[in-house]
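The values are calculated or read from the model by the stated rules, or taken from the named source; none is laboratory data. The structure displayed is predicted, hence computed values, not measured ones. With ideal geometry, Cβ positions are generated from the backbone for all residues, glycine too; neighbour counts draw on all protein chains shown. Note: areas computed on protein heavy atoms with side chains; ligands, DNA, RNA excluded. Shrake-Rupley method; radii C 1.70, N 1.55, O 1.52, S 1.80 Å.
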Amino acid sequence: MLNKLLRTGAAAVAIIGALVTSATAAEPEPRAEAAELTNPLLYAIAWRQTAAEFRALYYQGFALARLRVEQALAAREAGTLGDARPLAVITDVDETVLLSGAYWGQLIADGGDFFDDATWDAWVPSNQFVASPGAREFAAFCEANEVTLFFVTNRDQGEATFELALGNLQAAGFDNARADHLRVLRDTSNKEAVQAQIRSDYHVIASLGDNLNDFARRYYVTDVAAREALMHEDAARFGTDYIVFPNPTDGHWIRAIFGESEPAPTDANRRILRGAALGR
Ligand SMILES: [Mg+2]
């Protein structure tokens, strides 16, 4: 019995010794890999790429949009709409009807941890956008009911911006996306002038977007609390006039934190991001 205990004890010591030896003998991980594993974008991108909830929110948003259109059609039929102009819906493009998950996956693979405008501009012509869940069905529903779906986006890939945006929509399956229903703003992210122009000719049922700026410019503020307060003031408009889609990677919520929409990948900005996560 004693022998057995001694043998067991010796074996345990040998195993522990081996563990200690292997632990101390392990090579330190390369710095690059450590950075890859602590990339602050990982959770957001993993959510975008894998969470069924992310995609379900698109179905939810478009179901709500369809309900709003159905209500407007019924009101028109009943003669209670009070507006004889043609019906329209205004939608943003990126991360509203088109998803750019492959771009973000590539950014992570290349070691990036902040949005990078140069790689984005190079990626846009590759036509790897996919339609968000429910978007094409919603577009088809609008078309079948003679409701014009206007695509309003601010993008800038130079002279080709408009053709690229139209091509991205068509390549993602928006076969009926037409040039005359697409508005591309290259010089500003302020969409209000073009929205007002559409509203002067159409009864706009609802606006769709992943950024509060898609609904109103007043949200374009560089203060997290102020932006939040403005949103609460408009609480009754969400789900009615404004239908919001999820975007954990870019948008003016980033600008509210950093003071700019496309902050540089610096440690100072990583500290600001950490501060935001801590609610500072
Ligand atoms: Mg967008």
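Measuring nothing but how far apart in sequence close Cα pairs (under 8 Å, 6+ apart) lie, relative to its length, region 187-256 scores a relative contact order of 38 percent. Close amide-amide hydrogen proximity is noted between Val152 and Thr91, Asp92, Val93, Arg183, each under 5 Å apart and 5 or more residues distant or on a separate chain (H modeled in the peptide plane; Pro and chain starts excluded).
Per-residue 3J(HN,Hα) values for region 183-200, derived from phi via the Karplus relation 6.51 cos²θ - 1.76 cosθ + 1.60 with θ = phi - 60°, read 10, 10, 9, 8, 9, 8, 9, 7, 8, 5, 5, 6, 5, 5, 4, 5, 5, 6 Hz in sequence order (x marks Gly and Pro).
With one equal scatterer per alpha carbon and no solvent term, the Debye-computed log10 I(q)/I(0) for region 77-158 at 0.14, 0.21, 0.22 1/Å reads -0.62, -1.03, -1.09. A Cα-only calculation for region 186-275 places Rg and Dmax at 14.7, 49 Å. Convex hull volume of the Cα atoms of region 28-277, normalised per residue: 130 Å³.
Across region 217-230, coupling constants 3J(HN,Hα) worked out from phi with the 6.51/-1.76/1.60 Karplus curve, θ = phi - 60°, read 6, 4, 7, 7, 10, 9, 8, 4, 5, 5, 5, 4, 5, 4 Hz, and Gly and Pro carry x.
Restricting attention to the chain, close to 10% of DSSP beta bridges with both partner residues there are antiparallel. Mean separation of Cα pairs under 8 Å and 6 or more residues apart, divided by the residue count, gives the chain a relative contact order of 22 percent. Remark on Leu98: its backbone amide H falls under 5 Å from those of Ser132, a criterion applied only to residues 5 or more positions apart or on other chains, H modelled at 1.01 Å from N. Separation of region 57-111 from region 163-229 is 11 Å, based on Cα centroids.
Under the simplified labelling scheme, the Arg217-Ile272 pair shows an inter-label distance of 2.3 nm, with each label point 7 Å from Cα along Cα→Cβ. What the phi angles of region 40-54 give under the Karplus curve with 6.51, -1.76 and 1.60, with θ = phi - 60°, is a coupling list of x, 7, 4, 4, 4, 6, 4, 5, 4, 7, 10, 6, 4, 4, 4 Hz, glycine and proline written as x. Surface calculation, 1.4 Å probe, protein heavy atoms: Leu164 sits at approximately 40 Å² accessible. The accessible area of His232, taken with all protein chains in place and a 1.4 Å probe, comes to roughly 110 Å². Label region 51-106 by shape, choosing from rounded, prolate and oblate, from the square roots a ≥ b ≥ c of the eigenvalues of the Cα gyration tensor; if a/c is under 1.5 it is rounded, and otherwise prolate applies when a/b is larger than b/c, oblate when it is not. Oblate, since a/c reaches 1.5 and b/c is not below a/b.
When all protein chains stay in place and ligands, DNA and RNA are ignored, the 1.4 Å accessible-area order of Arg217, Arg76, largest first, is Arg76, Arg217.
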